[in-house]
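Working notes, structure below.
The values are calculated or read from the model by the stated rules, or taken from the named source; none is laboratory data. Keep in mind the model is a prediction, meaning the values are calculated, not measured. Here the Cβ positions follow ideal geometry from the backbone for every residue, glycine too, while neighbour counts run over all protein chains shown. Side chains included, ligands, DNA and RNA excluded: accessible areas come from the protein's heavy atoms. Shrake-Rupley method; radii C 1.70, N 1.55, O 1.52, S 1.80 Å.
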Amino acid sequence: MKLQASNFYSFFETNEHKTINYLVGLINQTHFSYGGKILTPFLTLREQFILSQLLKVSKTECYVSFFGGYKSIDGEAERKRALLFSDKQTSIDDVSFEINAFEISYNSKFNELSHGKIYAALHQLGVEFNSFGDIVNQGSTWQFFC
């Protein structure tokens, strides 16, 4: 049975209806394609929550796995891609998420980077917000995930 996004509107904020429409469409697409797998762009924490709740409430035979490019002892990525799949036996590994880490090289003697400067530079280059994940730093090393 095809899901209708409007059935879920009452559970979420009015400004989230567009996100619900998009995610319900992906769930339907995954559910009705044989052996279907769909990889989303990077999702915010709220979008991840909404997707998880939609799957729980809808009770479709559609499953999800999230990954943002890294896991460490300090935690894991905040912004993640979701892999929707219809076969519970599907093997999922980190490579399935098609995420690459990019290290930023810069002269630390003359420049000082920050999360905001990197975000602004990516945005200024025309990179869509949902095309990249977390921007992380360890000491003088900065990376972002696409």
Given a Förster distance of 22 Å, report the FRET efficiency between Ala121 and Glu78 from their Cβ-Cβ distance, rounded to the nearest 0.05.
0.65
For Lys117, list the lysines whose Cα falls under 27 Å from its own Cα; do not include residues on the same chain fewer than 8 positions away.
Lys71, Lys80, Lys109
On the formula 1/(1 + (r/R0)^6), with r taken between the Cβ atoms of Phe129 and Lys2 and R0 of 30 Å, the FRET efficiency rounded to 0.05 is 0.55
For mean projected area of the Cα convex hull in nm², pick the label among [x] 8.3; [y] 8.8; [z] 10.4 that corresponds to the value derived from the coordinates.
[z]
Quick check for you: with a 1.4 Å probe and neighbouring chains kept, what is the accessible area per residue of the range 46-146, in Å²?
64 Å²
Whole-angstrom gap from the range 34-75 to the range 85-141, using each part's C-alpha centre:
18 Å
In the chain, helical segments from DSSP H whose Cα atoms cover 18 Å or more along their own axis and that average at least -1.0 on the Kyte-Doolittle scale are 17-31, 45-58
